[in-house]
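Novice: For reference, the structure I am asking about is given below.
The values are calculated or read from the model by the stated rules, or taken from the named source; none is laboratory data. Keep in mind the model is a prediction, meaning the values are calculated, not measured. In this analysis, Cβ positions are derived from the backbone assuming ideal geometry, glycine residues included, and neighbour counts consider all displayed protein chains. Calculation scope for accessible area: heavy atoms of the full protein, side chains included, ligands and nucleic acids excluded. Shrake-Rupley method; radii C 1.70, N 1.55, O 1.52, S 1.80 Å.
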Amino acid sequence: MAGPRVDDIYDQVKAMAVSFRLRPGDRLNEVALSKELGVSRTPLREALNRLVAERLFDFRPGQGFFCRPLTAQSVFDLFELREIIETAAVRAACGKATDDQLADLRAELYATGIDITGLTVQEAVSRDEAFHLRIARLSGNAELLQTLTRINERIRYMRWISMSLDRVQRSKDEHKRVMQALLNRDADEAARVLGAHITKRMDQVQEAVRYGISSIYMEGSDDISARIIEEA
């Protein structure tokens with residue numbers, strides 16, 4: 001029987017990295033991880049090299065693979081890049097999306113993205129990501145969409161932190177306003193609202209990172225992502 005494919009190993013290790021089940025800054029124990037996953041080190045290393053290219057791991061010659069650090073500056077930079085990418089995407093979508101596509105996006109938003117009471121944090125963030133990615137897809141730019149997908153993977157844990165705190169009602173209202181601006185084909189308003197929705201001040205990022213690091217070592221990412229959203 002064939003063993004796990006590199007793609008399967010890649011998916012498993014990526015999930016561990018994104019959720020910080022592998023602790024930030026730690027040197028990866030390849031022997032222990034290969035045993036945990038039930039795979040040999042050759043396909044594991046191939047998967048890790050792919051994840052290095054996506055900046056989810058670092059590789060240091062003579063030392064090995066290291067889990068990505070979790071610092072306020074790195075998180076701030078990613079949110080800043082996300083804002084640049086998404087405001088460009090929504091501007092493009094205002095001009096390129098068809099009326100039917102926008103109507104479908106609105107229907108999907110109100111069907112699955114507004115009432116998130118009772119969902120887990122992970123489920124709510126997944127729905128939020130889906131809305132933003134659909135806007136990016138309507139930009140018609142495949143490279144932009146791929147870049148945003150990679151950014152989302154690298155900030156997902158911090159999105160869980162944000163969602164588990166106090167962002168629920170504000171996020172819902174801003175999604176509605178972005179959707180209305182898209183329907184009005186108002187690129188300036190759509191970019192303004194979406195930019196304000198995404199942007200974070202450095203002090204906000206620093207607070208979230210402190211909370212995130214504490215959660216990694218005290219609770220674990222599974223506890224964060226499994227929290228039920230009660231306020232909506």
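Novice: Test of understanding: what is the full-extension gain from THR149 to ALA72, defined as 0.36 nm times their sequence separation minus their Cα-Cα distance?
Specialist: That pair, THR149 and ALA72, stretches by 25.6 nm at full extension.
Novice: Among ILE216, THR112, GLY95, pick out the residue whose Cα is farthest towards the positive end of the charge dipole of the chain, where Lys and Arg carry +1 and Asp and Glu carry -1 on C-beta, about the Cα centre.
Specialist: Selected residue: ILE216.
Novice: Could you tell me how far the Cα centroid of the range 82-152 sits from the Cα centroid of the range 180-230, in Å?
Specialist: 15
Novice: If I stretch the segment between GLN206 and ILE228 completely, what's the gain in nm (0.36 nm per residue apart, minus their alpha carbon distance), one decimal?
Specialist: 5.5 nm
Novice: Over the chain, with every protein chain in place, what whole percent of the accessible area is carbon and sulfur at 1.4 Å, could you tell me?
Specialist: For the chain, the apolar C and S fraction of the accessible surface comes to 48 percent.
Novice: Using Stokes-Einstein with the Kirkwood hydrodynamic radius over Cα pairs, what translational diffusion coefficient do you get for the range 1-83 at 4 °C and a viscosity of 1.567 mPa s, in µm²/s rounded to a whole number?
Specialist: For these conditions, the coefficient is 96 µm²/s.
Novice: Let me ask another. Calculate the spin-label point distance for ASP173 paired with ASP11, positioning each point 7 Å from the Cα along the beta-carbon direction, and give it in nanometres.
Specialist: Here the modelled spin labels are 4.0 nm apart.
Novice: Might you tell me the accessible area per residue for the chain, computed with a 1.4 Å probe and given in Å²?
Specialist: 51
Novice: Sticking with this structure for a sec: Which residue, VAL75, VAL31, VAL121, has the most motion in a Gaussian network model of the chain that connects Cα atoms within less than 10 Å?
Specialist: Comparing VAL75, VAL31, VAL121 in the GNM, the peak value goes to VAL31.
Novice: For the chain, compute the orientation-averaged projected area of the C-alpha convex hull (one quarter of its surface), in nm².
Specialist: Average of the hull's projected areas for the chain equals 13.9 nm².
Novice: Report, to the nearest 10°, how far helix 72-96 tilts away from the longest principal axis of the Cα atoms in the chain, using its own Cα long axis and a range of 0 to 90°.
Specialist: For 72-96 against the chain, the angle is about 40 degrees.
Novice: So, by mean Cβ neighbours within 10 angstrom, what's the order for 136-147, 100-111 with the highest one leading?
Specialist: In decreasing order of mean packing, 136-147, 100-111 become 136-147, 100-111.
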